[in-house]
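Worksheet: one structure, shown below.
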Amino acid sequence: MKIAIVCYPTFGGSGVVATELGIALSQAGHEVHFVTYHQPVRLESLNTNLYFHEVLVPEYDLFKYQPYELALSSKLVDVIKAYNIEVLHVHYAIPHAYAAYMARKMLEDQGIHLPIVTTLHGTDITLVGSHPFYKSAVTFSINHSDVVTSVSQSLKEDTLNFFEIKKEIHVIPNFIDTEKYNSKDLPCSRELIAQKEEKVITHISNLRPLKRLSDVIKTFKKIADVMPAKLMIVGSGPEKANAVRLVSKLKLDRKVAFLGKSLEIDKILCYSDLFLLPSEKESFGLAALEAMIHKVPVISTDVGGLPEVNVHGQTGYLFPVGAVDQMAEAAITLLNNPQQHQSFKAAAFAQAQKFDLKLVLAQYEAIYKKAITT
Ligand code: GMT
């Protein structure tokens, strides 16, 4: 099939999922065209099956806000005509589903039909999309997509609760390429970061307020009070400055490393003993799944789609938002019990296998066929 993909090209989960999916589709023989404002960060090499088309938005003084949707929909029309694209897959409803609908209308005028698949990722529904300023446009774009998917059952329910949706929503979970991790022992340089006796705790996110970075640090403080430990904070975002201040206030400067945005999370997760994800909202928690494939147990909140990924008492623990004391207590008990830790590591790895790329790829291929033929 010839597939165009629109996504945010950043480190955010939706961009990562879209990019990994596009790469896998191209490896399966499909022709994939990414249309976005920057080459997606995880898209390292292009080839005859994998293209990137940059959406340029010229700055014009008259505009307080540069019209990205307009440029995107025009670019989509050009790419779809030039490459005879059969289906357009947009990740994250805002503004992608809206721009896709405009592109479809323009193409209709020229006698070309463009099927649209929209994947809802989380904050496009739970945070931004349901805001009254956007709600009508988001409802309209979802209802005018040919096929709608969401990354968890929980997000599907939220979407049906927040919007008047007339379409069926298909749940297709996020995924991981398990083959990459199953076969070989990948090199792992733990000694560069921690002493043998130190436990390594990791958090990866875009450091936005809803990730509750202060809960990560407060939980870590309680752990570090009773055992040698280090905290790796990976990612960059608006909460970083507050986090640095809190780390300093709690006198943890020598125990907490801010590693910034990274394309090498595999190299960090491979030596991690525990992953913390105390988010206020999380439609799926791709970062938790990425930790689990590295055999890292996860302590997370019990919100959104997290219970569909992390199994309480098996692959980690789930607690209510803000339950710092409980998270720390569970972490300390687990890290102090090597046998239990080992069994959680194995269960995390086994659970991650259920989200194998191959299973999910087949589901998306079926969805594209459905969109094309309806
Ligand atoms: O987590 C974020 O803040 C980024 C956001 C995004 O859209 O890039 O992530 C959302 O989509 C991911 C991929 O489907 C999910 O794994 C995340 O749980 C979801 N984030 C939230 O719902 C807060």
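Would you confirm whether any residue within segment 219-227 is assigned by TED's automatic domain parsing to the domain that holds Glu308 and without any contact (Cβ under 8 Å) to a residue 12 or more places away in the chain? Within segment 219-227, one or more residues are assigned by TED's automatic domain parsing to the domain that holds Glu308 and without any contact (Cβ under 8 Å) to a residue 12 or more places away in the chain.
Output the residue which, of all residues in segment 176-192 that are over 25 Å from Glu20 (Cα atoms) and exposed (fewer than 13 other Cβ atoms within 10 Å of the Cβ), is farthest from the ligand (Cβ to nearest atom). Reasoning before the result, please.
Let us first name the residues in segment 176-192 that are over 25 Å from Glu20 (Cα atoms), namely 189-192.
Checking the rest, the ones that are also exposed (fewer than 13 other Cβ atoms within 10 Å of the Cβ) come to 189, 191-192.
Values: Ser189: 28, Glu191: 31, Leu192: 28 Å.
Only one residue tops the list, namely Glu191.
Filtering Ile217, Ile204 for residues that are among the β-branched types (Val, Ile, Thr) and more than 16 Å from the ligand (Cβ to nearest atom) leaves a single hit, Ile217.
Results for (1) polar (S, T, N, Q); (2) surrounded by fewer than 18 Cβ atoms within 10 Å (Cβ to Cβ), shown as yes or no for each residue.
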residue	(1), (2)
Asn174	yes, no
Ala194	no, no
Glu197	no, yes
Ile204	no, no
Lys211	no, no
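Taken together, the residues in segment 11-48 that are away from the ligand (no atom under 15 Å from the Cβ), outside any loop (DSSP other than H, G, I, E, B) and of a type in the set (Val, Ile, Thr) amount to 3. Restricting attention to segment 255-263, does a residue exist that is farther than 22 Å from Gly13 by Cα, in contact (Cβ under 8 Å) with a residue 60 or more places away in the chain, more than 16 Å from the ligand (Cβ to nearest atom) and buried (at least 22 other Cβ atoms within 10 Å of the Cβ)? No, segment 255-263 contains no residue that is farther than 22 Å from Gly13 by Cα, in contact (Cβ under 8 Å) with a residue 60 or more places away in the chain, more than 16 Å from the ligand (Cβ to nearest atom) and buried (at least 22 other Cβ atoms within 10 Å of the Cβ).
For segment 101-128, name all the residues that are at pLDDT 95 or above and closer than 14 Å to Tyr8 by Cα.
First, the residues of segment 101-128 that are at pLDDT 95 or above: 101-121.
Listed by number, the residues that qualify are Thr118, Thr119, Leu120, His121.
Please determine whether any residue of segment 69-79 is crowded, with 20+ Cβ neighbours inside 10 Å and within 16 Å of the ligand (Cβ to nearest atom). No, because not a single residue in segment 69-79 is crowded, with 20+ Cβ neighbours inside 10 Å and within 16 Å of the ligand (Cβ to nearest atom). Among residues of segment 72-92 that are assigned by TED's automatic domain parsing to the domain that holds Val138, those with a beta-carbon under 7 Å from a residue that is buried (at least 23 other Cβ atoms within 10 Å of the Cβ) and among the charged types (D, E, K, R) at least six positions away or on a different chain give the pairs Tyr92/Asp124. Within segment 148-162, identify whether any single residue is of a type in the set (A, V, I, L, M), out of contact with any His (no Cβ under 6 Å at 6 or more places or on another chain) and surrounded by fewer than 22 Cβ atoms within 10 Å (Cβ to Cβ), and answer yes or no. Yes, segment 148-162 contains at least one residue that is of a type in the set (A, V, I, L, M), out of contact with any His (no Cβ under 6 Å at 6 or more places or on another chain) and surrounded by fewer than 22 Cβ atoms within 10 Å (Cβ to Cβ). Determine, yes or no, whether Ile233 is aliphatic (A, V, I, L, M) and either closer than 29 Å to Thr159 by Cβ or surrounded by fewer than 24 Cβ atoms within 10 Å (Cβ to Cβ) (or both). No.
Taking Ser279, is it modelled with pLDDT of 95 or more, more than 16 Å from the ligand (Cβ to nearest atom) and in the same structural domain as Gln326 (by TED's automatic domain parsing)?
Details: modelled with pLDDT of 95 or more: yes; more than 16 Å from the ligand (Cβ to nearest atom): no; in the same structural domain as Gln326 (by TED's automatic domain parsing): yes.
No; evaluated as a whole, the condition is false for this residue.
Yes or no: segment 103-125 includes at least one residue that is in contact with a Lys or Arg (Cβ under 6 Å, 6 or more places away or on another chain), of a type outside the set (Gly, Ala, Ser) and over 19 Å from Val17 (Cβ atoms). Yes, segment 103-125 contains at least one residue that is in contact with a Lys or Arg (Cβ under 6 Å, 6 or more places away or on another chain), of a type outside the set (Gly, Ala, Ser) and over 19 Å from Val17 (Cβ atoms).
The values are calculated or read from the model by the stated rules, or taken from the named source; none is laboratory data. What you see is a predicted model, and the numbers here were worked out from it, not measured in a lab. Here Cβ is always computed from backbone atoms with ideal geometry, including for glycine, and neighbour counts include all displayed protein chains.
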